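Student: I have a structure I would like to understand better, so I am pasting it below and will then ask my questions one at a time.
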Amino acid sequence: MKLQFLGATRQVTGSSYLLDTGKMKFLIDCGLYQEREYTYRNWQDFPVFPNEIQYLLLTHVHLDHSGLIPKLVREGFSGDILLTPPSRQMLPIVLSDSARNLEEDAAFKKRRHEREGKRGTHPEVPLYTVQDVENCCTCLKEVPYGDFIQLDNQVRVCFHDAGHILGSAMIEIMLDDEDGRRSIIFSGDVGQWNKPLLNDPSLFEQADYVVMESTYGDRDHEDSQTVDERLCVAVNETVKAGGNLVIPTFAIERAQELLFHFSRLARAGKIPYLMTFLDSRMAIEITKVFERCLQYLNKETLELFRENQSPFDYPRLKLVASVEGSKAINLIKGSSIIMAGSGMITGGRIKHHLAQNITRPESTLLIVGYQAAGTLGRQILQGATPVRILGQSYPVRMNVMQVEGFSAHADMSDLHRWLNNFKSPPKHVFLTHGEDEAIQNLSNFIRSENWQVSAPMYKEEYAL
Ligand SMILES: [Zn+2]
């Protein structure tokens, strides 16, 4: 069997791996490249003909793992896409949102290039459209956690909870052929232990080969005690000053996790029940999937639902889907919590709320997620003023706060814990989905145990 690395090689996006048994080819993940220096690969032909691939196994719905699926299907893939039941419900929401953004960006770029009389490096057409997403969704096939599924007479696969986002999976693959039995584990993105809402990541005792993410291979997160304390400070100080708490929010997991924290803090009397707006159609749709998928959430969360204390429904929480509803938020007097996308303030309704609050010293901007270089979120975090929002310049007078510790990824200690559970060394560990320093650090840790470890390059191939 051959394993080829088609993405997430010494970088953190574009996850995709090809397994070729000689009789069958299948992919694990088909992710979008999001780092600017690699986005050109989104436009290239796939390194393998899509119509030669029989299956795609999806670890989870984040775009860096799923975002090229509509293109794969449009270019000839017609096999089954295997994914967990919650991922089955979320993937159409996530990919449709991505397609709408790609369509809008292409139209915007076309108008700009026409105005400026120039031509870009890529055609001004969307990478894929909402129609492409609808077409690819006919290939989706749910597989439950914990059951081995036979792909052909040599290959069986099993999805295990990764604890990273709802529906996320680590995928275990068993191959039986003339060379004997081999097992491979793809970690997908590894979650954290003791997180709100989700179960802990699955652990394994044995595997011949491990393909493992290494995003935080060199860093540890703040603990969740600190998260609650800092959220309390942010809310209570903003209320005292009489302003609004504005939070740029990622639609999957982060929004639901914030609701979980705010409902718990309010019920414990540590913060007042403020008007709280979740102003994001996608975040609302994803939250509804959470409510339909309670059996996949952890015991603590199920207990809350049993006691009628749903974190997604508490006094003064308002889910705002419409644009009119979004605009009406700004007419409300007194303090409120406003959560809206996008998470790095690169677009979406958050920009309007920011424009309304950025010159008010009594309001607070609360950053709860990673802000990539070049985004408005990063600029404000670094103290830039004035900043441009929706074509207008504003001095930054609002208070800016950051709470770390919200990552859905395992940190360094978690990754060590996951590895330490193996009772015998795998024949080889392949590190992916990490930048150089993280990979280097985790490689050193693994090598210190005398295990074999590599960080494959793009398109590199290994015989297993
Ligand atoms: Zn992820």
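The values are calculated or read from the model by the stated rules, or taken from the named source; none is laboratory data. As the structure is a prediction and not an experimental result, all values here were calculated from the model. We place every Cβ from the backbone using ideal geometry, glycine too, and count neighbours over all the protein chains shown. SASA here: full protein model, heavy atoms, side chains in, ligands and nucleic acids out. Shrake-Rupley method; radii C 1.70, N 1.55, O 1.52, S 1.80 Å.
Student: Do the conditions hold for ALA321, that is, is it surrounded by 13 or more Cβ atoms within 10 Å (Cβ to Cβ) and touching a Gly at 6+ places or on another chain (Cβ under 7 Å)? First the steps, then the outcome.
Tutor: Working: surrounded by 13 or more Cβ atoms within 10 Å (Cβ to Cβ): yes; touching a Gly at 6+ places or on another chain (Cβ under 7 Å): no.
Here the answer is no, as ALA321 does not meet what is asked.
Student: Now, a different point. Counting just the residues of the range 60-76 that are near the ligand (Cβ under 9 Å from one of its atoms) and not hydrophobic (A, V, I, L, M, F, W, C), which one comes out nearest to VAL143 (Cα to Cα)?
Tutor: HIS60
Student: Take the residues in the range 145-197 that are free of Cβ contacts under 8 Å to residues at least 24 places away in the same chain and among the small types (Gly, Ala, Ser); name whichever of them is most open to solvent (accessible area, probe 1.4 Å).
Tutor: Per the criteria, the residue is GLY146.
Student: Working only within the range 24-41, note down all residues that are open to solvent by less than 40 Å² (accessible area, probe 1.4 Å), closer than 28 Å to VAL143 by Cα and away from the ligand (no atom under 16 Å from the Cβ). Spell out how you get there, then give the answer.
Tutor: In the first step, residues of the range 24-41 are kept if they are open to solvent by less than 40 Å² (accessible area, probe 1.4 Å); the result is 24, 26-33, 35, 41.
From what's left, closer than 28 Å to VAL143 by Cα: 24, 26-33.
Across the range 24-41, the qualifying residues are MET24, PHE26, LEU27.
Student: Go through the range 114-135 and count every residue that is among the acidic types (Asp, Glu), more than 26 Å from the chain's Cα centre (by Cα) and surrounded by 10 or more Cβ atoms within 10 Å (Cβ to Cβ). Walk me through it before giving the result.
Tutor: Kept after step one, since they are among the acidic types (Asp, Glu), are these residues of the range 114-135: 114, 116, 124, 132, 134.
If we keep only those that are more than 26 Å from the chain's Cα centre (by Cα) too, we end up with 114, 116, 124.
Imposing the further condition that a residue be surrounded by 10 or more Cβ atoms within 10 Å (Cβ to Cβ) reduces the set to 114, 124.
Residues that pass the stated criteria total 2.
Student: Going by the structure shown, is LEU57 open to solvent by less than 10 Å² (accessible area, probe 1.4 Å) and either more than 16 Å from the ligand (Cβ to nearest atom) or in contact with a helix residue (DSSP H, G or I) (Cβ under 8 Å, 6 or more places away or on another chain) (or both)?
Tutor: On the way: open to solvent by less than 10 Å² (accessible area, probe 1.4 Å): yes; either more than 16 Å from the ligand (Cβ to nearest atom) or in contact with a helix residue (DSSP H, G or I) (Cβ under 8 Å, 6 or more places away or on another chain) (or both): no.
So LEU57 does not fit the description; no.
Student: In this structure, is GLU435 within 16 Å of the ligand (Cβ to nearest atom), farther than 18 Å from PRO201 by Cα and of a type in the set (Asp, Glu)?
Tutor: Details: within 16 Å of the ligand (Cβ to nearest atom): yes; farther than 18 Å from PRO201 by Cα: yes; of a type in the set (Asp, Glu): yes.
Yes: the conditions hold for GLU435.
Student: Counting only residues that are part of a strand (DSSP E or B) and among the aliphatic types (A, V, I, L, M), which one in the range 236-271 is farthest from ALA321 (Cα to Cα)?
Tutor: Within the range 236-271, the subset part of a strand (DSSP E or B) is 245-248.
Adding the requirement that they be among the aliphatic types (A, V, I, L, M) leaves 245-247.
Values: LEU245: 19, VAL246: 17, ILE247: 17 Å.
It comes out as LEU245.
Student: Moving to a separate point now. Would you check which residues across the range 297-311 are buried (at least 20 other Cβ atoms within 10 Å of the Cβ) and under 20 Å from the mean Cα position of the chain (by Cα) and list them?
Tutor: Of everything in the range 297-311, just one residue is buried (at least 20 other Cβ atoms within 10 Å of the Cβ) and under 20 Å from the mean Cα position of the chain (by Cα), namely LEU297.
Student: Where residues in the range 260-296 are more than 13 Å from LYS318 (Cα to Cα) and among the charged types (D, E, K, R), which of them is surrounded by the fewest Cβ atoms within 10 Å (Cβ to Cβ)?
Tutor: Applying the filter and picking the extreme gives ARG292.
Student: Hey, can you tell me all the residues within the range 234-259 that are loosely packed, with under 15 Cβ neighbours inside 10 Å and in contact (Cβ under 8 Å) with a residue 40 or more places away in the chain?
Tutor: If the condition is that a residue be loosely packed, with under 15 Cβ neighbours inside 10 Å and in contact (Cβ under 8 Å) with a residue 40 or more places away in the chain, then GLY242 is the only one that fits.
Student: Do we find that SER183 is among the hydroxyl-bearing types (Ser, Thr, Tyr) and not in a loop (DSSP other than H, G, I, E, B) in this structure? Show your work before the answer.
Tutor: Numbers: among the hydroxyl-bearing types (Ser, Thr, Tyr): yes; not in a loop (DSSP other than H, G, I, E, B): yes.
When the stated conditions are applied, SER183 passes them.
Student: Output the qualifying pairs, or none if there are none: Cβ atoms under 7 angstrom, residues six or more apart or on different chains, first residue in the range 390-410 and of a type outside the set (Lys, Arg), second residue modelled with pLDDT under 90 and assigned to a loop (DSSP other than H, G, I, E, B).
Tutor: Note: pairs meeting the criteria are GLU404/HIS221; GLU404/GLU222; GLY405/HIS221; GLY405/GLU222; GLY405/ASP223; PHE406/GLY369; SER407/HIS221.
Student: Continuing with this model, one more query. Hand me the list of helices (runs of 4 or more DSSP H) wholly inside the range 1-120 holding 1 or more residues that are among the hydroxyl-bearing types (Ser, Thr, Tyr) and modelled with pLDDT of 90 or more.
Tutor: Values: elements: 63-66, 69-74, 85-116.
Ranges flagged: 63-66, 85-116.
Student: Here is a follow-up. For GLY76, indicate whether it is on the phi > 0 side of the Ramachandran plot and out of contact with any Lys or Arg (no Cβ under 9 Å at 6 or more places or on another chain).
Tutor: Working: on the phi > 0 side of the Ramachandran plot: yes; out of contact with any Lys or Arg (no Cβ under 9 Å at 6 or more places or on another chain): yes.
Yes: the conditions hold for GLY76.
Student: Additional query: Scan (1) surrounded by fewer than 16 Cβ atoms within 10 Å (Cβ to Cβ); (2) more than 25 Å from the chain's Cα centre (by Cα) for the single condition GLU437 breaks and write down its number.
Tutor: Looking at each condition in turn, GLU437 falls short on (2).
Student: Separate question: Have a look at ARG181, ARG230, ARG219, ARG156 and point out the one that is more than 16 Å from the ligand (Cβ to nearest atom) and touching a helix residue (DSSP H, G or I) at 6+ places or on another chain (Cβ under 9 Å). Please lay out each step first, then the result.
Tutor: Details: ARG181 fails: touching a helix residue (DSSP H, G or I) at 6+ places or on another chain (Cβ under 9 Å); ARG230 fails: touching a helix residue (DSSP H, G or I) at 6+ places or on another chain (Cβ under 9 Å); ARG156 fails: touching a helix residue (DSSP H, G or I) at 6+ places or on another chain (Cβ under 9 Å).
Being more than 16 Å from the ligand (Cβ to nearest atom) and touching a helix residue (DSSP H, G or I) at 6+ places or on another chain (Cβ under 9 Å) holds for just one of ARG181, ARG230, ARG219, ARG156, which is ARG219.
Student: Do we have GLU52 as away from the ligand (no atom under 16 Å from the Cβ), among the acidic types (Asp, Glu), in contact (Cβ under 8 Å) with a residue 24 or more places away in the chain and touching a helix residue (DSSP H, G or I) at 6+ places or on another chain (Cβ under 7 Å) here?
Tutor: Numbers: away from the ligand (no atom under 16 Å from the Cβ): yes; among the acidic types (Asp, Glu): yes; in contact (Cβ under 8 Å) with a residue 24 or more places away in the chain: yes; touching a helix residue (DSSP H, G or I) at 6+ places or on another chain (Cβ under 7 Å): no.
Criteria not met by GLU52.
Student: For LEU91, only one of the following conditions fails: (1) of a type in the set (A, V, I, L, M); (2) open to solvent by less than 40 Å² (accessible area, probe 1.4 Å); (3) more than 16 Å from the ligand (Cβ to nearest atom). What is its number?
Tutor: Every condition holds for LEU91 apart from (3).
Student: For GLN356, work out the one condition from (1) open to solvent by less than 70 Å² (accessible area, probe 1.4 Å); (2) more than 16 Å from the ligand (Cβ to nearest atom) it doesn't fulfil.
Tutor: Among (1) open to solvent by less than 70 Å² (accessible area, probe 1.4 Å); (2) more than 16 Å from the ligand (Cβ to nearest atom), GLN356 violates only (1).
Student: Let me ask another. Taking ARG378 as the residue in question, decide whether it is open to solvent by 40 Å² or more (accessible area, probe 1.4 Å), within 22 Å of ALA408 (Cα to Cα) and touching a residue at least 12 places away in the same chain (Cβ under 8 Å). Working first, answer last.
Tutor: Numbers: open to solvent by 40 Å² or more (accessible area, probe 1.4 Å): yes; within 22 Å of ALA408 (Cα to Cα): yes; touching a residue at least 12 places away in the same chain (Cβ under 8 Å): yes.
Answer is yes for this residue.
Student: Now for a different question. Would you mention how many residues in the range 370-407 are in contact with a helix residue (DSSP H, G or I) (Cβ under 8 Å, 6 or more places away or on another chain) and within 16 Å of the ligand (Cβ to nearest atom)?
Tutor: Of the residues in that region, 2 qualify.
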